[in-house]
Amino acid sequence: ESLLYASGAISEPGSVEKGTTRTDTMFLERQRGITIQAAVTSFQWHRCKVNIVDTPGHMDFLAEVYRSLAVLDGAILVISAKDGVQAQTRILFHALRKMNIPTVIFINKIDQAGVDLQSVVQSVRDKLSADIIIKQTASLSPEIVLEENTDIEAWDAVIENNDELLEKYIAGEPISREKLAREEQQRVQDASLFPVYHGSAKNGLGIQPLMDAVTGLFQPIGEQGGAALCGSVFKVEYTDCGQRRVYLRLYSGTLRLRDTVALAGREKLKITEMRIPSKGEIVRTDTAYQGEIVILPSDSVRLNDVLGDQTRLPRKRWREDPLPMLRTTIAPKTAAQRERLLDALTQLADTDPLLRCEVDSITHEIILSFLGRVQLEVVSALLS
């Protein structure tokens, strides 16, 4: 919300407490104040369009995050200054490292009482990676002041991994900021260095430096120029009207209305309608270019399907989805509701592979496999 507001995409930042956020659009998300489904939006900054995939943070919805990983140019890993590095933080960071996704760390909520920022930074070093660069100095009392960190020691993780820079540093020779910045950008792009920023998203603190980092450090994956069409599907959703829509990342090429494109080695797909995120809204378009996230209506396209040339996929998808370990039986109140219940569960399972529905061949009970309690509570609320 603060990214959208600071960029001018929206006139007022949404509030989790008030249920007015742009990305958490489900009633349950606004009611609970948590993200359940990955949501897409965008903003413009320094003549660069940035598409945001806002993902859940709760462990029960990790699959929703994993499906989004392969389509990212970079990630902002948000850590609460109050809570520090959590178990799910380490799991997500491990996945980002394994897929070599450039990552910026944002320590949020530094304005909350009792925050020990140095302790949080140390926990990032100890539990995530020592290869971090602290981009700001933060004074929390009597008021919060964030300034650019100009201390040469902040660049230790950059200098120590470059022989030329290390020799100059040891010899006491000056090192230009330009050389340090180039080395930083290269290592961030290699996913071997992780800039750390501070702030408070709720109050807009530290947001503009974060936006500068995103537009300055992340580079688009995929082939540039006039390459053949290639895009992959990372999300399925159903609208309130029951329309099935799929979200795909366009890695290369151009997609136009009324195009007919190859679909995952199966049938051809006719493009009859397209939407893209634009400045906080989802808008119709006739043409989508390389780098866009495209929303298509479709009853046949599946998660992880590839549109166009599969050989041009720049990154393999995450293949270590957690398995749904818990099972429960679910039954309609009346026999007449059984088919409606099965249809609803099938639809939910279509959007979330970690939710599996089957009918026992002997007892004919409906069995639901799921990952965690919160996920089951969400399913129950959606069904009701």
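The values are calculated or read from the model by the stated rules, or taken from the named source; none is laboratory data. It should be emphasised that the depicted structure is a prediction, and the values quoted were computed from it without experimental measurement. Virtual Cβ from ideal backbone geometry, glycine too; neighbours counted across all protein chains shown.
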- Query: Which residues, taken from the range 348-384, are within 25 Å of Asn304 (Cβ to Cβ) and β-branched (Val, Ile, Thr)?
  - Reply: Thr351, Ile367, Val374, Val378, Val379
- Task: Give the range 79-94 a look and list any residue that's part of a helix (DSSP H, G or I) and surrounded by 17 or more Cβ atoms within 10 Å (Cβ to Cβ), or say none.
- Result: Thr89, Leu92, Phe93
- Message: Here are the criteria: (1) surrounded by 17 or more Cβ atoms within 10 Å (Cβ to Cβ); (2) in contact with a strand residue (DSSP E or B) (Cβ under 6 Å, 6 or more places away or on another chain). Tell me which single one Thr215 does not satisfy.
- Response: (1)
- Task: Inspect all residues belonging to the range 160-172 and state whether any of them is among the aromatic types (Phe, Trp, Tyr) and farther than 21 Å from Gln86 by Cβ.
- Result: yes
- Message: Take Ser192 and tell me if it is surrounded by 16 or more Cβ atoms within 10 Å (Cβ to Cβ) and touching a residue at least 40 places away in the same chain (Cβ under 8 Å).
- Response: no
- Which one of these is under 21 Å from Asp54 (Cα atoms) and touching a helix residue (DSSP H, G or I) at 6+ places or on another chain (Cβ under 8 Å): Leu217, Leu140? Leu217
- Return the only residue of Ala181, Ala157 being free of Cβ contacts under 8 Å to residues at least 12 places away in the same chain, more than 30 Å from Glu64 (Cα to Cα) and either of a type outside the set (Asp, Glu) or touching a helix residue (DSSP H, G or I) at 6+ places or on another chain (Cβ under 7 Å) (or both). Ala181
- Select, from Gln189, Gln185, the only residue that is assigned by TED's automatic domain parsing to the domain that holds Val65, polar (S, T, N, Q) and under 19 Å from the mean Cα position of the chain (by Cα). Gln189
- Hey, can you tell me all the residues within the range 192-219 that are in a helix (DSSP H, G or I) and either of a type in the set (A, V, I, L, M, F, W, C) or under 19 Å from Val121 (Cβ atoms) (or both)? Ala201, Ile207, Pro209, Leu210, Met211, Ala213, Val214, Leu217
- Item | Any pair with Cβ under 6 angstrom, 6 or more apart, that starts in the range 36-57 at a residue that is modelled with pLDDT under 90 and ends at one that is of a type in the set (Lys, Arg) and assigned to a strand (DSSP E or B) | Ala38/Lys235
- Item | Single match in Glu153, Glu223 (criterion: surrounded by fewer than 20 Cβ atoms within 10 Å (Cβ to Cβ) and touching a Lys or Arg at 6+ places or on another chain (Cβ under 7 Å)) | Glu223
- Message: I need the full set of residues from the range 232-253 which are closer than 18 Å to Thr311 by Cα and either touching a Cys at 6+ places or on another chain (Cβ under 7 Å) or without any contact (Cβ under 8 Å) to a residue 40 or more places away in the chain (or both), in order please.
- Response: Tyr251, Ser252, Gly253
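Within the range 294-365, considering only strands (runs of 3 or more DSSP E) that don't extend past its boundaries, which have at least 1 residues that are crowded, with 17+ Cβ neighbours inside 10 Å and not hydroxyl-bearing (Ser, Thr, Tyr)?
306-308, 356-359
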- On the given criteria, is Tyr197 at pLDDT 90 or above, surrounded by 13 or more Cβ atoms within 10 Å (Cβ to Cβ) and more than 30 Å from Asp309 (Cα to Cα)? yes
- Mind listing whichever residues of the range 278-290 are assigned to a loop (DSSP other than H, G, I, E, B) and either buried (at least 17 other Cβ atoms within 10 Å of the Cβ) or in contact with a His (Cβ under 7 Å, 6 or more places away or on another chain) (or both)? Gly280, Thr285, Gln290
- Considering only residues that are of a type in the set (A, V, I, L, M, F, W, C) and not in a strand (DSSP E or B), look in the range 239-276 and name the one that is farthest from Leu72 (Cα to Cα). Cys241
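Do we have Arg256 as in contact (Cβ under 8 Å) with a residue 12 or more places away in the chain, surrounded by fewer than 19 Cβ atoms within 10 Å (Cβ to Cβ) and outside the structural domain of Phe61 (by TED's automatic domain parsing) here?
Considered against the rule, which asks whether it is in contact (Cβ under 8 Å) with a residue 12 or more places away in the chain, surrounded by fewer than 19 Cβ atoms within 10 Å (Cβ to Cβ) and outside the structural domain of Phe61 (by TED's automatic domain parsing), Arg256 comes out as yes.
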- Lone unmet requirement of (1) modelled with pLDDT under 90; (2) within 30 Å of Leu368 (Cβ to Cβ) for Ser298: (1)
